[in-house]
1. Looking only at the range 92-136, which residues are exposed (fewer than 10 other Cβ atoms within 10 Å of the Cβ), without any contact (Cβ under 8 Å) to a residue 60 or more places away in the chain and polar (S, T, N, Q)?
2. Of everything in the range 136-166, what is small (Gly, Ala, Ser) and part of a loop (DSSP other than H, G, I, E, B)? Give them in sequence order.
3. Give me the pairs: first residue in the range 159-183 and polar (S, T, N, Q), second residue open to solvent by 30 Å² or more (accessible area, probe 1.4 Å), beta-carbon distance under 6 Å, and six or more apart or on different chains, which are they?
Amino acid sequence: MAYGDNVDPKSRVVSIVLVGFLTAMMGYGLVNGLNISIVKTIAEKLDVVDVEEPPPPEEPPPPPPPDNVLPPPPPVVTPPSPFPPPVSAPQIQSVREPPPSPPPAIYVPPAPPAPPPTPDLSAAGSPRGNPGRWATNDDYPARAMREEREGTTGFRVTYGADGRITSCDVTSSSGHADLDAETCKLITRRGRFNPGKDRAGNPQGGTYSNRIRWQIPR
């Protein structure tokens with residue numbers, strides 16, 4: 001507060017009036033040629049009142065701040081941004097589907113046990129008796145003996161389930177037709193076989209091959 005603001009308005013008006021009066025008197029004296037001494041005498045007789053302005057009132061001391069408490073900070077004012085706020089893209093949440101349930105188990109009855117394998121009763125046929133006795137030198141054709149013709153005839157016979165020969169074929173010739181023909185004739189008439197057997201043991205026919213040597217005894 002300024003010091004002049006505390007002066008009483010009435011004292012200020014009195015002072016102004018006195019000063020104005022004194023100034024008017026001095027001017028009047030100068031105009032009328034009055035002696036300066038007269039003016040001084042008049043001025044001394046004037047009671048000048050010094051108006052002492054009252055001292056300004058003492059301002060009360062500010063309250064002490066609270067212990068360890070700071071004054072609150074001023075609020076922070078954020079100016080509005082000139083840019084529009086970013087638009088966030090919609091979030092897509094993936095939903096994991098549960099795994100498909102396994103198909104129901106299908107009961108498959110166990111296969112019946114396989115029947116035990118049947119025993120293999122198969123067997124090959126065999127000549128009955130000595131095949132070397134089916135044709136001998138006693139059966140030598142007379143003409144061939146006179147002409148001293150010799151040789152070896154190979155043959156193959158087929159027999160049936162009863163063991164009898166059903167056919168005879170010359171597989172290798174002796175070089176003489178009469179010796180070859182005599183070989184198949186004797187083998188077919190004298191040859192007999194033990195028939196073979198299939199897997200079930202039933203009798204079955206087969207084939208047989210051998211050779212006859214025609215040689216003139218010496």
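1. Scanning the range 92-136 gives 93, 94, 101, 130.
2. Step one: of the range 136-166, the residues small (Gly, Ala, Ser) are 142, 144, 151, 154, 160-161, 163.
Within the range 136-166, 160, 161, 163 qualify.
3. Pairs that qualify, where the first residue is polar (S, T, N, Q) and the partner is open to solvent by 30 Å² or more (accessible area, probe 1.4 Å), are 166/158; 167/158; 171/156; 174/152.
Results for (1) open to solvent by less than 40 Å² (accessible area, probe 1.4 Å); (2) not hydroxyl-bearing (Ser, Thr, Tyr), shown as yes or no for each residue.
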residue: 144; (1), (2): yes, yes
residue: 147; (1), (2): no, yes
residue: 163; (1), (2): yes, yes
residue: 174; (1), (2): yes, no
residue: 181; (1), (2): no, yes
residue: 184; (1), (2): yes, yes
residue: 192; (1), (2): no, yes
residue: 203; (1), (2): no, yes
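Quick grid of which residues meet (1) under 30 Å from residue 161 (Cβ atoms); (2) at pLDDT 80 or above:
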| residue | (1), (2) |
| --- | --- |
| 84 | no, no |
| 90 | no, no |
| 95 | no, no |
| 106 | no, yes |
| 109 | no, yes |
| 114 | no, yes |
| 117 | yes, yes |
| 122 | yes, yes |
| 125 | yes, yes |
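The values are calculated or read from the model by the stated rules, or taken from the named source; none is laboratory data. Owing to the predicted nature of the structure, the values given are computational and were not obtained by experimental measurement. Using ideal geometry, Cβ is built from the backbone for each residue, glycine included, and neighbour counts are taken over all protein chains shown. Surface areas here come from the heavy atoms of the whole protein model, side chains and all, with no ligands, DNA or RNA. Shrake-Rupley method; radii C 1.70, N 1.55, O 1.52, S 1.80 Å.
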